[in-house]
Amino acid sequence: KDLTQRQKEVLASPQNLAMWVTITREGQVPDFHSGTQLMRDFWRNRYQELANADVSTDDADNALDTVVDYMERTGRLFAPASLIENRQKVAHELHTHDVLRTYARQVMFAHQSYLDFRIADRLLRAIHKGTGRVKDWLGPKEKQSLFRREQLRQVLFMLSDESPDDFSENVKE
C-alpha cells in the first residue's frame, strides 16, 4: 500500500517511523493520519504481542499504571524498578517488547512519548466519562511544569480529533 503525503509527513519523525516499523514488522499495516493515531496503533500492536506472550491487557495495564502513577505524581521520567518487580512475567514482557527499560534500578518507558501518550489518554478517558477536566489536571499555574507540555499537546490534539465540543469547552477553561 502506498503512503499518503500526510502519512509520509508523520513518518518524518524518527520515533513515529520506529513505531511504524515495529507495527509493520508484525505484518500489520496501520491506517493513520497523525502521530496520535499511529501511537494508538502501536499500543494495540504491543497489547497483541503481550497477549501472544500470555500477558493479559489487565495485567499489562496494572503494571503500566503503577509506573505512570509514580511518574505523574513525582514529575519524573523514571520510577523505582521495585514497583513492578512482583509482576515478573509482565515486567519481562514489557521489556522484551521494548515498552519499558530498566537502568540502575530505575524503570522508564523506552521512549518518553509512550508515557506522554498514556497520561494524555488517561485524561481523555476521564473527560469522556465526565470525571476529568484539562484545567483541573494541569493544576494552578505555579505548579505547572515542562513535564506536562507534551501531554497537554497530546490531550488537546486527541480532544480536537475525537470530541470537538469537549475540546472547545476545555480550551475555554
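Of the residues making up the range 73-128, those that are within 14 Å of Arg46 (Cβ to Cβ) and among the polar types (S, T, N, Q) are Thr96, Ser113.
Of Asp54, Asp65, Asp98, all but one fail to be in a loop (DSSP other than H, G, I, E, B), free of Cβ contacts under 8 Å to residues at least 60 places away in the same chain and closer than 25 Å to Ala18 by Cα; the exception is Asp54. Taking the range 46-63 as the range and being surrounded by fewer than 20 Cβ atoms within 10 Å (Cβ to Cβ) and not β-branched (Val, Ile, Thr) as the test, the residues that pass are Tyr47, Gln48, Glu49, Ala51, Asn52, Ala53, Asp54, Ser56, Asp58, Asp59, Asp61, Asn62.
For the range 125-144, a residue qualifies if it is part of a loop (DSSP other than H, G, I, E, B) and open to solvent by 60 Å² or more (accessible area, probe 1.4 Å), and the qualifying residues are Gly130, Thr131, Pro140, Gln144.
The set of residues from the range 23-40 being touching a Phe, Trp or Tyr at 6+ places or on another chain (Cβ under 6 Å) and either open to solvent by 70 Å² or more (accessible area, probe 1.4 Å) or not β-branched (Val, Ile, Thr) (or both) comprises Leu38, Met39.
Could you go through the range 95-112 and let me know if any residue there is among the aromatic types (Phe, Trp, Tyr), on the phi < 0 side of the Ramachandran plot, at pLDDT below 90 and surrounded by fewer than 19 Cβ atoms within 10 Å (Cβ to Cβ). The answer is no, given that none of the residues of the range 95-112 is among the aromatic types (Phe, Trp, Tyr), on the phi < 0 side of the Ramachandran plot, at pLDDT below 90 and surrounded by fewer than 19 Cβ atoms within 10 Å (Cβ to Cβ). Among the residues making up the range 68-93, those that are farther than 16 Å from Ala104 by Cα and either assigned to a loop (DSSP other than H, G, I, E, B) or β-branched (Val, Ile, Thr) (or both) are Val68, Thr74, Gly75, Asn86, Arg87, Val90.
The values are calculated or read from the model by the stated rules, or taken from the named source; none is laboratory data. What you see is a predicted model; the values in this text were computed from it and never measured. So basically every Cβ, Gly included, is an ideal-geometry build from the backbone, and we count neighbours across all protein chains shown. For the accessible areas, the whole protein counts, side chains as well, though only heavy atoms, and no ligand, DNA or RNA atoms are used. Shrake-Rupley method; radii C 1.70, N 1.55, O 1.52, S 1.80 Å.
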